[in-house]
1. Considering only residues that are surrounded by 15 or more Cβ atoms within 10 Å (Cβ to Cβ), in contact (Cβ under 8 Å) with a residue 12 or more places away in the chain and out of contact with any helix residue (DSSP H, G or I) (no Cβ under 8 Å at 6 or more places or on another chain), which ones fall in the stretch 188-233?
2. State whether the residues of the stretch 131-138 include one that is buried (at least 16 other Cβ atoms within 10 Å of the Cβ) and not in a helix (DSSP H, G or I).
3. Checking the condition modelled with pLDDT under 90 and either surrounded by 13 or more Cβ atoms within 10 Å (Cβ to Cβ) or in the same structural domain as residue 165 (by TED's automatic domain parsing) (or both), which residue from 90, 113, 80, 61 passes?
4. Residues that are in contact (Cβ under 8 Å) with a residue 12 or more places away in the chain and under 27 Å from residue 167 (Cα atoms): which helices (runs of 4 or more DSSP H) entirely in the stretch 13-107 hold 1 or more of them?
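The values are calculated or read from the model by the stated rules, or taken from the named source; none is laboratory data. These numbers come from a predicted model, not from an experiment. Backbone-built Cβ (ideal geometry, glycine too); neighbour counts: all protein chains shown.
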């Protein structure tokens with residue numbers, strides 16, 4: 001596990017945290033309290049935030065970058081659960097339940113996160129019930145997304161799954177205008193793991209989109225040149 005680069009944050013940093021889904025609708029007092037408790041931590045591309053089996057000592061809120069959440073199948077191969085972007089929370093389930101990490105979190109690009117210790121997080125939830133509601137919503141949305149992914153694997157072919165996964169990944173780029181090309185920093189193997197398909201079939205689906213001038217394959221990434229055409233099928 002790489003050494004963490006951490007910085008203490010004080011109450012003047014409210015603009016740093018108010019974009020996070022967990023903190024929406026929070027009072028100024030709650031935001032000040034959160035800022036007093038949290039630390040920032042940085043990860044370079046490829047570095048781990050936590051791995052399976054780690055103690056659940058903290059939760060994280062992603063400020064910048066993208067993180068992939070993975071687990072291991074019974075045969076030992078990596079299963080990619082999801083890719084999360086700025087504003088999302090990670091590590092909350094194991095932290096709340098008090099059990100070792102059941103997933104691993106790895107930076108897909110240089111990332112900046114807020115980190116808060118478990119005991120501090122629990123005190124915040126006790127003092128501010130509105131945060132508990134936001135956390136419940138976050139967990140519910142994640143379960144709903146997992147159900148949709150399972151249904152997608154069962155009901156749709158690889159081409160459809162690849163297209164829908166790319167649409168979801170584009171949505172993470174919140175600052176991008178809808179008509180602008182966007183580069184997705186993901187390998188073809190990670191995309192194959194995300195859609196539950198072989199790398200070969202995933203590559204074939206991508207090549208079809210590339211031949212239709214929807215995207216261009218790049219080293220360790222995919223440039224979607226026509227996002228509107230991707231969404232409209």
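1. Of everything in the stretch 188-233, those that are surrounded by 15 or more Cβ atoms within 10 Å (Cβ to Cβ), in contact (Cβ under 8 Å) with a residue 12 or more places away in the chain and out of contact with any helix residue (DSSP H, G or I) (no Cβ under 8 Å at 6 or more places or on another chain) turn out to be 190, 193, 221, 225, 226.
2. No.
3. Numbers: 90 fails: modelled with pLDDT under 90; 113 fails: modelled with pLDDT under 90; 61 fails: modelled with pLDDT under 90.
Result of the check over 90, 113, 80, 61: 80.
4. Numbers: elements: 14-17, 28-37, 92-97.
Of the helices (runs of 4 or more DSSP H) lying wholly inside the stretch 13-107, those with at least 1 residues that are in contact (Cβ under 8 Å) with a residue 12 or more places away in the chain and under 27 Å from residue 167 (Cα atoms) span 14-17, 92-97.
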